[in-house]
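I have placed the structure first, in the form of C-alpha cells, so that the comments after it can refer back to it.
The values are calculated or read from the model by the stated rules, or taken from the named source; none is laboratory data. Note that the coordinates shown come from a computational prediction; the quantities given were computed from them, not determined experimentally. Here the Cβ positions follow ideal geometry from the backbone for every residue, glycine too, while neighbour counts run over all protein chains shown. Each accessible area value is taken on the protein alone, full model and side chains, heavy atoms only, with ligands, DNA and RNA left out. Shrake-Rupley method; radii C 1.70, N 1.55, O 1.52, S 1.80 Å.
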Amino acid sequence: MGLAVGWVVAAWLLTRTTVPGNLHTPHVAVRAVFPADVLHRAAHYDGVLRWLWVASTLVTLAALALFVHLGPRIARAWELGRVATGVMVGAVTTLGVWAAGLPFGALQLWWDRRYGLERQSYLEWVLGQWPALIGQVIGLTIALTVLLLLAGRFGRRWWLVAAPLSIAVGAVLLLVLPYVETLGTRPPHHTATAARIRQLAREEGVGSTPVRIESVHDQTTAANAMATGIGPSARVFIWDTFLDGRYSGREIEVVAAHEFGHVAHHHIWKGLAWSLLLTVPVFWVVERATRRRGGLDKPEVVPYALFVLALIGLVVTPFGNAVSRRYEAEADWSALRATHDPAAAASVFRKFTRYDLVQPDPPLWSYIWIDNHPTVAQRIAMARAYAGR
C-alpha cells in the first residue's frame with residue numbers, strides 16, 4: 001500500500017508544470033484561422049497517416065501473435081543453449097515483425113513524397129533501413145542476453161534487478177548519445193538571430209546549452225527541433241529547414257526558446273524518472289504473464305514476452321502522450337515568457353499546419369493515442385491567452 005501511495009505522489013509531482021492553473025485559453029475556430037484549402041490538405045494528408053498508424057499497429061500485433069505460436073518450433077530449430085537460443089528466437093521475431101511493418105514505411109514515404117514533404121528516393125530509403133534494423137537487432141540481443149541471464153539466476157525476481165539496470169543503461173545512453181548525434185552538425189552562423197537565441201538561453205537559465213544546426217534539407221522539407229541529453233550533454237538541435245526562408249528570425253527564436261524550456265524545466269530528467277516509475281510495474285506484469293508459460297528463462301517464451309510488452313505499450317501510450325503534452329505546453333509557456341512574442345509563436349504554429357501539414361484539430365481518438373504535442377489550435381490558444389495577460 002505504501003509503495004502504491006508513493007508511486008501516485010511521485011507521478012503527481014512529475015506532472016506538475018509552471019503553466020498557470022487558472023490560465024484561460026480562448027476557443028480557436030480553425031476555420032477562421034486557416035483557409036479552407038489548407039485545412040482540407042492537412043486533414044487529407046494527416047488523416048491517411050493516422051490510419052496507416054492504426055494498420056501498422058494491428059499488423060505488428062498480429063505478427064507478434066504469430067511468432068508467439070511459432071516460438072516453440074523456432075526454439076527447437078536452434079541447439080545453442082538456453083540463452084543463445086532465446087536470443088536467436090528474439091532475433092527471428094524482430095526480423096519478422098520488421099518485415100511485416102516494412103510496407104507501411106514504404107507507403108508513408110510514397111505519401112510524404114506525394115505531398116512534397118519527403119525528398120528521399122526509394123533506394124535511399126531502403127538503404128537507410130539497414131542501419132536501424134542492425135541497431136535494433138544488436139540492442140535486442142544485448143537486452144535479451146541480460147534478461148535471460150537474470151531470469152535464470154534470480155527466477156521470478158528477475159524484474160527487481162532488470163528494472164533499475166535498464167534505467168541505468170537508459171541514463172548512460174541519454175548522457176552519451178547526444179555527443180554522437182552532434183557529429184555532422186554545425187553551430188549557428190553569427191547572425192542577429194543567433195545572438196538573440198544565446199540571450200534567450202541565458203534568460204531561461206540554460207546559457208551553457210549548445211545549439212546545433214542539423215542538415216536535413218536533402219531529405220525533407222519538414223521543420224523540427226529537439227532538446228536532448230542530460231547534464232553536460234544537454235543540447236538543442238534545430239533542423240536547417242527552419243532556415244530556408246519560410247520562417248522569420250522571431251519565429252526561429254520562439255522555436256529555440258521552446259527547446260530551452262525543455263532543458264530549463266528538466267523534462268529529459270523527468271522522462272527518466274517516468275521510466276523508473278513505469279518500468280518496474282511493466283517488468284512485473286511481464287514476469288506474471290510469462291510465468292504462466294514457464295517463465296522468461298524459457299527461450300520459446302521470448303516472443304510472448306515481446307507481445308506482452310507491445311500490448312502494455314499500447315495501453316500506456318495515452319498516458320504517456322498526456323504527460324508529454326503537459327511538458328510541451330510548459331515549454332510553449334516558457335518560450336512565451338522568454339520572448340514576450342505571442343504573435344511570432346502563433347505564426348510558427350500556423351506554419352506547422354501550412355508547411356508541415358499538421359492537422360490543427362485532429363480526431364479525439366488520434367489525439368489520445370498518437371499526438372504527444374498539444375494541437376495547433378491549443379498552441380495558438382495559449383499564445384492568445386498570454387497576449388491577453
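Principal axis extents of the Cα atoms in region 272-372, from largest to smallest and rounded to whole angstrom, are 60, 27, 20.
For region 59-158, what does the relative contact order come out to in percent, with C-alpha contacts under 8 Å and a separation of six or more? Write out the running numbers ahead of the final one.
On the way: 48 pairs, mean separation 33.4, N = 100.
It rounds to 33 percent for region 59-158.
In order along region 241-256, the Karplus-derived 3J(HN,Hα) couplings, from 6.51 cos²θ - 1.76 cosθ + 1.60 at θ = phi - 60°, round to 5, 6, 9, 8, x, 7, 10, 6, x, 5, 5, 5, 4, 4, 4, 4 Hz, and Gly and Pro are given as x. Between region 332-363 and region 273-292, the C-alpha centres lie 37 angstrom from each other.
Can you pull the percent of region 255-338's accessible area that's carbon plus sulfur, 1.4 Å probe, other chains left in place?
Details: 2110 of 3310 Å².
For region 255-338, the apolar C and S fraction of the accessible surface comes to 64 percent.
Once you reduce region 29-46 and region 50-85 to the center of their Cα atoms, the two points are 40 Å from each other.
To check you understand DSSP bridge types, tell me what percent of the beta bridges within the chain (both residues inside) are antiparallel, rounded to 5.
On the way: 6 of 10 bridges.
Here the antiparallel bridges make up roughly 60 percent for the chain.
A 1.4 Å probe over all protein chains sorts Tyr122, Tyr327, Tyr367 by accessible area into Tyr122, Tyr367, Tyr327, starting with the largest.
In whole percents, the pair-distance distribution calculated for the chain from its alpha-carbon pairs, binned every 20 Å from zero, is 23, 56, 20, 1. Counting pairs of alpha carbon atoms under 8 Å apart in space and at least six apart in sequence, what relative contact order in percent does the chain give? Averaging sequence separation for qualifying contacts and normalising by length gives 25 percent for the chain. Modelled spin labels at Arg16 and Val172, positioned 7 Å past Cα toward Cβ, are 3.4 nm from each other.
Note that region 285-296 has calculated 3J(HN,Hα) couplings of 4, 4, 4, 5, 5, 6, 4, 5, 10, x, x, 5 Hz, one per residue in order, obtained from phi through the Karplus relation 6.51 cos²θ - 1.76 cosθ + 1.60 (θ = phi - 60°); glycine and proline are x. Remark: the Phe319-Ala387 segment gains 21.5 nm on full extension, using 0.36 nm per residue and subtracting the alpha carbon distance. Surface listing: Glu259, Glu214 arranged by accessible area from highest to lowest gives Glu214, Glu259, probe 1.4 Å. Here the spin labels are modelled as points 7 Å beyond Cα on the Cα-Cβ line, and at Tyr179 and Phe104 they lie 3.6 nm apart. Here the Debye sum runs over all C-alpha atoms of region 52-128 as equal scatterers in vacuum, and log10 of I(q)/I(0) at q = 0.11, 0.21, 0.23, 0.25 Å⁻¹ comes out as -0.41, -0.90, -0.99, -1.07.
So how do Val348, Val315 rank on accessible area, 1.4 Å probe, biggest first, that is with the largest at the start?
On the way: Val348 0, Val315 115 Å².
Output order, biggest surface exposure first: Val315, Val348.
Please compute the net charge surrounding Tyr355, taking Lys and Arg as +1 and Asp and Glu as -1 over other residues with Cβ under 12 Å from its Cβ. Neighbourhood net charge equals +2.
Of all DSSP bridge pairs formed entirely within region 148-273, close to 55 percent run antiparallel. Within the shell of other residues whose beta carbon sits under 15 angstrom from the beta carbon of Asp341, the net charge comes to +3, with Lys and Arg scored +1 and Asp and Glu -1.
Each stretch of four or more DSSP H residues adds -39500 (n - 2.57); spread over every residue of the chain, this sum gives -24500 deg cm²/dmol at 222 nm.
Taking the Cα centre of region 235-324 as the origin, how large is its charge dipole in debye, to the nearest 20, when only Lys and Arg (+1) and Asp and Glu (-1) carry charge on their Cβ atoms? The partial results should precede the final answer.
Values: 9 positive and 8 negative charges, 106 e Å.
In total the dipole reaches around 500 debye.
What FRET efficiency comes out for the pair Arg250/Arg119, r = Cβ-Cβ distance, R0 = 25 Å, nearest 0.05? After rounding, the FRET efficiency stands at 0.40. Rounded to the nearest whole Hz, the Karplus-based 3J(HN,Hα) values (6.51 cos²θ - 1.76 cosθ + 1.60, θ = phi - 60°) of region 9-20 follow the sequence 4, 4, 4, 4, 5, 6, 8, 6, 9, 8, 5, x, with x at glycine and proline.
With contacts taken as Cα pairs under 8 Å and at least 6 residues apart, region 218-309 reaches a relative contact order of 20 percent.
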